[in-house]
Amino acid sequence: MLQTSRAIIHNFNAGPSILPKEVFEEASRAILDFNNSGLSILEIGHRTPLFQQVMDEARNLAKELMQLDNDHEVLFLHGGASTQFMQVPMNLLNENELVAFTDTGVWAAKAIKEAKLFGHVEIVCSGKENNYTSLPKNFHVPATAKYLHLTTNNTIYGSQWQDLSLFYQFNVPLVADMSSDILSREIDFNKFDLIYAGAQKNAGAAGVNMVVVNKNILGKIARTIPTIMDYRNHIEAGSLLNTPPVFAVYICMLTLRWLKNMGGVAAIEKINNAKAKLFYDTLDILPLFKGRVAKEDRSKMNATFTINDASLEKEFLELCKNEGMIGVKGHRSSGGFRVSMYNALPIESVKALTDLMKEFANNKG
Ligand SMILES: Cc1ncc(COP(=O)(O)O)c(C=O)c1O
């Protein structure tokens, strides 16, 4: 058992965020001696069998956990999800073509900005008018759209598309930014032609992107794609086109291994549902606090809320800090509070927070 002096007991950070302690333990051993090789994971060559095994296991676990068919390839790429905002349209969209976007918050807006560099963008729905406190319900997607882009979970505002089958009816290829809810719930991942996620929430450490791509949608555009930006080159090279973020891929592999040992996506979804229920049920019985997002669109990963008496905000945050809870402050663009309940967050942390909220509300009531 790893001995540490960690004073933080409950990590509600939005990302980079909590990872399973088993991952920390295994990774710390690997930094000193990776698989009894006498070498640190930080000094092994990326083209050695030692690392090839890591990459293969990471890829296979991702395929297995997402139950991907043979058309879908898993890539581990540099650059964070923000690079995908640009790499996706560069690979999929011709200059004279149209891409449809759902505008559901900050991250969607950033993806829209980049897509405009490569083709025509139509925003088919937007939550902007109501400050992203709910997700748009009725919208139409033009059949001419090369693809439809959605953000499955909006990390900053705390909303999440609960029923993704809504998007299956449009008959256009689907591209999804799943950075903040990948592998947290059962999804028919094969319905998507391209999925991307910065790993630093549910899938591992910062520094690597998980990309799932249906190889049949590639190679259909006129522009010349720079070598390192072309998904086909990464598929061919097995994500080893250049030096990959070795350690980040390793952490991803360990996190996926942990998830498999937990029983996979279906099992973690049950736990995530229980955590979200505990949190939102508590929130709804305390008049002092108020959820930010419409009930049906509430995120099970990032819960956002405010306090009815703004003068108490600082006091509540201070109390959380004293109780070893971090990451409770809301994002600078939406304010209030945000607690992230990613896969690795134990339900005990949610219990501790909700108990504290109840106590605080009682004292102030
Ligand atoms: C939904 C979503 N998309 C994209 C990003 C950007 O990720 P990165 O910082 O890895 O570029 C984030 C970051 O939190 C996110 O939550």
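The values are calculated or read from the model by the stated rules, or taken from the named source; none is laboratory data. Owing to the predicted nature of the structure, the values given are computational and were not obtained by experimental measurement. All Cβ positions, glycine included, derive from the backbone under ideal geometry; neighbour counts span all protein chains shown.
Read through the list (1) part of a loop (DSSP other than H, G, I, E, B); (2) within 16 Å of the ligand (Cβ to nearest atom); (3) in contact with a Leu (Cβ under 8 Å, 6 or more places away or on another chain); (4) small (Gly, Ala, Ser), then give the number of the only condition that Ser184 fails.
Failed condition: (3).
Just one of the numbered conditions (1) more than 20 Å from Met178 (Cβ to Cβ); (2) within 19 Å of the chain's Cα centre (by Cα) is not true of Lys270; which one?
(1)
Any idea which of Val23, Val99 is out of contact with any strand residue (DSSP E or B) (no Cβ under 7 Å at 6 or more places or on another chain) and surrounded by 20 or more Cβ atoms within 10 Å (Cβ to Cβ)?
Checking each option against the conditions leaves just Val23.
From the list Lys290, Lys295, Lys329, Lys300, which one is closer than 25 Å to Ser184 by Cβ and touching a Cys at 6+ places or on another chain (Cβ under 9 Å)?
When all the criteria are applied, what remains is Lys329.
Listed residues Leu288, Leu256; which is in the same structural domain as Leu164 (by TED's automatic domain parsing) and not aromatic (Phe, Trp, Tyr)?
Just a single option satisfies the conditions, and that option is Leu256.
Step by step: first the residues of segment 1-32, then only those that are out of contact with any Ser or Thr (no Cβ under 9 Å at 6 or more places or on another chain) and hydrophobic (A, V, I, L, M, F, W, C), then the one that is modelled with the lowest pLDDT. Which residue is that?
Met1
Is one or more of the residues making up segment 72-80 touching a residue at least 60 places away in the same chain (Cβ under 8 Å), closer than 26 Å to Phe192 by Cα and out of contact with any helix residue (DSSP H, G or I) (no Cβ under 9 Å at 6 or more places or on another chain)?
Among the residues of segment 72-80, at least one is touching a residue at least 60 places away in the same chain (Cβ under 8 Å), closer than 26 Å to Phe192 by Cα and out of contact with any helix residue (DSSP H, G or I) (no Cβ under 9 Å at 6 or more places or on another chain), which makes the answer yes.
With segment 199-312 as the region, which helices (runs of 4 or more DSSP H) entirely inside it contain at least 2 residues that are within 16 Å of the ligand (Cβ to nearest atom) and in contact (Cβ under 8 Å) with a residue 12 or more places away in the chain?
The qualifying helices (runs of 4 or more DSSP H) are 246-261.
For segment 314-329, state whether one or more residues are under 17 Å from the mean Cα position of the chain (by Cα) and either modelled with pLDDT of 95 or more or surrounded by 14 or more Cβ atoms within 10 Å (Cβ to Cβ) (or both). Outline the logic, then answer.
Looking only at segment 314-329, we keep the residues that are under 17 Å from the mean Cα position of the chain (by Cα), and these are 327.
After this cut, where a residue has to be either modelled with pLDDT of 95 or more or surrounded by 14 or more Cβ atoms within 10 Å (Cβ to Cβ) (or both) as well, the list is 327.
So far as segment 314-329 goes, yes, one or more of its residues are under 17 Å from the mean Cα position of the chain (by Cα) and either modelled with pLDDT of 95 or more or surrounded by 14 or more Cβ atoms within 10 Å (Cβ to Cβ) (or both).
Would you please name the residue that is surrounded by the fewest Cβ atoms within 10 Å (Cβ to Cβ), looking only at residues in segment 124-158 that are aliphatic (A, V, I, L, M) and within 13 Å of the ligand (Cβ to nearest atom)?
Out of the qualifying residues, it is Ile156.
Taking Val208, is it crowded, with 18+ Cβ neighbours inside 10 Å, modelled with pLDDT of 95 or more and within 19 Å of Gln52 (Cα to Cα)?
It is true that Val208 is crowded, with 18+ Cβ neighbours inside 10 Å, modelled with pLDDT of 95 or more and within 19 Å of Gln52 (Cα to Cα).
Mind checking which residues of segment 163-177 are away from the ligand (no atom under 11 Å from the Cβ) and touching a helix residue (DSSP H, G or I) at 6+ places or on another chain (Cβ under 7 Å)?
Correct list: Tyr168, Pro173, Leu174, Val175.
Going through Val121, Val88 one at a time, which residue ends up being more than 21 Å from Gln162 (Cα to Cα), away from the ligand (no atom under 14 Å from the Cβ) and buried (at least 18 other Cβ atoms within 10 Å of the Cβ)?
Numbers: Val88 fails: away from the ligand (no atom under 14 Å from the Cβ).
Just a single option satisfies the conditions, and that option is Val121.
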